[in-house]
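Q: Mind looking over this structure? Questions follow.
Every number here is computed from the coordinates shown, using simple stated rules; none is lab data. The structure displayed is predicted, hence computed values, not measured ones. Here the Cβ is made from the backbone with ideal geometry for all residues, glycine too, and neighbour counts use every protein chain on show.
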Amino acid sequence: MIDLKALREDPERFRVGAARKKVTVDIDRILVLDEARRKAVGAQETLRAEQNKLSKESGPEIGKLMGQLKKAPEGERGAIEAKLAELKARPKALADQVTALGKEIEALEPELNGLLLQVPLPADPDVPVGEGSEDNVELSRWDPAWWDSSKSFEENKGFAPKTHIELAESLGLVNFERGVKLAGSRSYVLTGMGMRLHQAVLRYAYDFILEKHGFQAISVPVLVREEAMQGTGFFPTGREQTYQLEESKRGGGQDMFLTGTGEVGLMGLHADEILDEAQLPLQYATVSTCFRREAGAAGRDTAGLYRIHQFDKVEQVVICRADEGESRAWHKKMIGIVEELLRSLELPYRLLQCCTGDLGVKNADMVDIECWMPGRGELDANERPMGAYGETHSASRLYDFQCRRLNMRYKGESTGGKTVFCHSLNNTVLASPRVLIPILEMYQEADGRVRVPKVLQRHLGGIEHVG
RNA sequence: GGACGGGUGGCCGAGCGGCUGAAGGCACCGGUUUGCUAAACCGGCAUACAGGGUAAACCUGUAUCGCGGGUUCGAAUCCCGCCCCGUCCGCCA
């Protein structure tokens with residue numbers, strides 16, 4: 001949620017911000033509705049002030065007259081009743097006007113609020129302007145000692161690579177057919193060492209963020225109420241991306257939603273709370289199952305473990321003071337944690353500065369990390385993929401956009417006793433099974449086996465090879 | 001699924017038609033006292049929106065006692081609907 005006051009004062013900033021993010025939202029309509037609403041509210045408040053004053057004056061008198069009426073002899077009742085009616089008439093008339101204005105306001109608000117929820121947070125000025133992912137800017141690359149990203153897989157390792165799908169099949173790591181039988185397209189079943197690798201890499205990443213970086217371990221519900229989805233900024237825009245359980249249709253209280261990321265639970269934890277500045281920054285990490293409908297992605301990445309409806313993810317979230325410098329410093333730090341993790345796994349990766357067109361509504365800045373996946377990308381003359389970077393991580397800075405919606409504030413020395421909305425950030429630590437793609441493909445050997453990354457071996461009982 | 005009980009400020013908790021934005025306590029902030037700490041005492045202490053004021057201090061108004069509606073001149077208080085939380089029993093893990 002953006003600040004309506006800020007929009008009122010500088011609508012152009014939000015017009016440009018939305019345009020650069022390729023989001024269509026009628027800012028002028030918001031201004032018109034806001035103006036009309038404020039006018040009506042102002043008029044209503046004036047009337048109410050008058051009404052309150054009147055009822056304070058005439059109220060006790062009415063009470064007194066009512067008492068007299070009970071005891072009064074027949075003859076005097078008419079006079080008292082007339083006086084009562086007169087006393088009651090004026091405030092009543094005002095109340096009717098207030099009600100009328102209330103109806104007017106009610107008519108305006110749904111549209112205004114609906115529009116307001118759609119206004120994206122403008123990207124920071126240093127975020128490159130662009131249309132979409134093709135305009136993202138590469139910031140840096142990293143390769144392990146045994147890999148040279150300027151050369152092909154075959155030049156690096158001396159044999160042609162198999163894709164993770166082929167490896168999964170030959171080594172019995174995934175059963176796609178049965179996944180589809182059970183749950184439809186984009187479903188899979190990890191089997192044997194596939195499941196063990198999945199568990200091992202998640203556990204490794206989770207221990208990594210907790211033990212090496214002091215994040216707090218926490219579990220989250222993955223089935224949440226609508227407020228949590230709206231509060232974290234996934235609704236209304238991402239509504240069609242989420243699975244909805246229509247409990248209300250079965251006579252239950254509310255519909256529930258399956259979360260697409262642990263971020264929803266972690267950020268929702270402190271919704272409607274006022275935190276003590278001394279508690280900040282909050283550094284939370286969770287591992288949770290994520291569900292995504294992948295609506296609108298029909299036909300893209302249909303095979304393999306890349307784009308699937310259900311996966312598991314270690315997610316990190318930071319809630320800090322409302323300070324741009326602090327927010328930027330945390331962003332760097334969170335990205336650094338992932339770099340350290342990927343280096344320990346010896347996976348080649350690159351950092352991408354996302355351009356305005358590739359940002360979501362809620363972030364001011366986003367850096368993606370992509371791992372090299374030899375089985376992805378364009379096909380060569382032999383119809384074999386030439387490899388490509390594929391997104392495995394995404395680090396966002398949201399300023400107070402999310403906390404405003406969640407009504408998550410803090411108070412302390414630096415705020416001068418005022419309550420201020422917190423800033424929030426989030427980043428993937430590791431998502432699996434997607435990360436198994438670069439692991440399987442990069443660690444495959446000429447004999448068809450897959451070496452187990454060193455750091456994962458202790459999570460797999462010391463096993464050095466799969467297959 | 002059945003039977004109850006309950007949702008009030010940062011927290012606990014009273015109030016059950018006007019004098020209540022709301023007693024009292026805790027926490028917090030300022031002060032007095034004090035060798036230090038503690039205690040004691042005094043004072044302060046909700047949020048949002050709108051208007052005024054220098055985008056500060058502050059002032060004014062309105063709203064807010066789970067949410068929505070109703071009764072009433074007037075509702076935290078009465079009525080109706082909904083949501084949520086809790087307890088006990090049953091069922092399942």
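Q: Can you give the FRET efficiency for A:Gln216 and A:Leu31, using 1/(1 + (r/R0)^6), R0 = 35 Å, r = Cβ-Cβ distance, to the nearest 0.05?
A: Once the sixth-power term is evaluated, E becomes 0.25.
Q: Enumerate the residues in region A:422-446 having an amide nitrogen under 18 Å from the point lying 7 Å beyond the Cα of A:Ser344 toward its Cβ.
A: The answer is A:427-432, A:435-436, A:439.
Q: Of A:Lys333/A:Lys454; A:Lys83/A:Lys103; A:Lys21/A:Lys332; A:Lys56/A:Lys88, which pairs sit farther than 20 Å apart, going by alpha carbon to alpha carbon?
A: Beyond 20 Å: A:Lys333/A:Lys454; A:Lys83/A:Lys103; A:Lys21/A:Lys332.
Q: At 0.36 nm per residue, minus the direct Cα-Cα distance, what do A:Glu324 and A:Arg48 gain on full extension? Give it in nm, one decimal, please.
A: Value of the extension gain: 95.2 nm.
Q: Run the simple label-point estimate for A:Ala145 and A:Glu111 please: 7 Å along Cα→C-beta, distance reported in nm.
A: Once both label points are built, they end up 6.7 nm from each other.
Q: Just report the Cα centroid separation between region A:86-157 and region A:172-216, whole Å.
A: Region A:86-157 and region A:172-216 have Cα centres spaced 32 Å from each other.
Q: Using the Cα centre as the reference, give the magnitude of the dipole from point charges on the C-beta atoms of chain A (Lys, Arg: +1; Asp, Glu: -1; all else neutral), rounded to the nearest 20 debye.
A: 1380
Q: Taking every pair of alpha-carbon atoms in chain A, give the share separated by more than 31 Å as a whole percent.
A: 54
Q: Rounded to the nearest 0.05, what FRET efficiency is calculated for A:Ser414 and A:Lys83 with R0 set to 60 Å and r the Cβ-Cβ distance? Please report the intermediate quantities before stating the final value.
A: Values: r = 60 Å, r/R0 = 1.00.
The formula returns an efficiency of 0.50 here.
Q: In vacuo Debye scattering of region A:313-467, one point per C-alpha: log10 I(q)/I(0) at q = 0.13, 0.17 Å⁻¹?
A: -0.72, -1.00
Q: What's the ranking of A:376-383, A:40-47, A:331-338 by average number of surrounding C-beta atoms within 10 Å, highest first?
A: Result, highest mean first: A:331-338, A:40-47, A:376-383.
Q: Still on this structure, please answer the following. Please flag any cysteine in chain A that has no other cysteine's Cβ under 4.7 angstrom from its own Cβ.
A: Taking the Cβ cut-off of 4.7 Å, the unpaired cysteines of chain A are A:Cys290, A:Cys320, A:Cys354, A:Cys355, A:Cys371.
Q: Taking each pair of different alpha-carbon atoms in region A:204-349 once, compute 1/r for the pair, average those values, and report the inverse of that mean as the Kirkwood hydrodynamic radius in Å to one decimal.
A: The Cα-based Kirkwood calculation yields 17.1 Å.
Q: Can you find, among A:Ala446, A:Asn426, A:Ala228, the residue sitting farthest towards the positive end of the charge dipole of chain A, where Lys and Arg contribute +1 and Asp and Glu -1 at Cβ?
A: A:Ala228
Q: Okay, helix-only estimate at 222 nm for chain A: each DSSP H run of n ≥ 4 adds -39500 (n - 2.57), divide by all residues, round to 500 deg cm²/dmol; what do you get?
A: Using -39500 (n - 2.57) per qualifying helix, the result is -13000 deg cm²/dmol.
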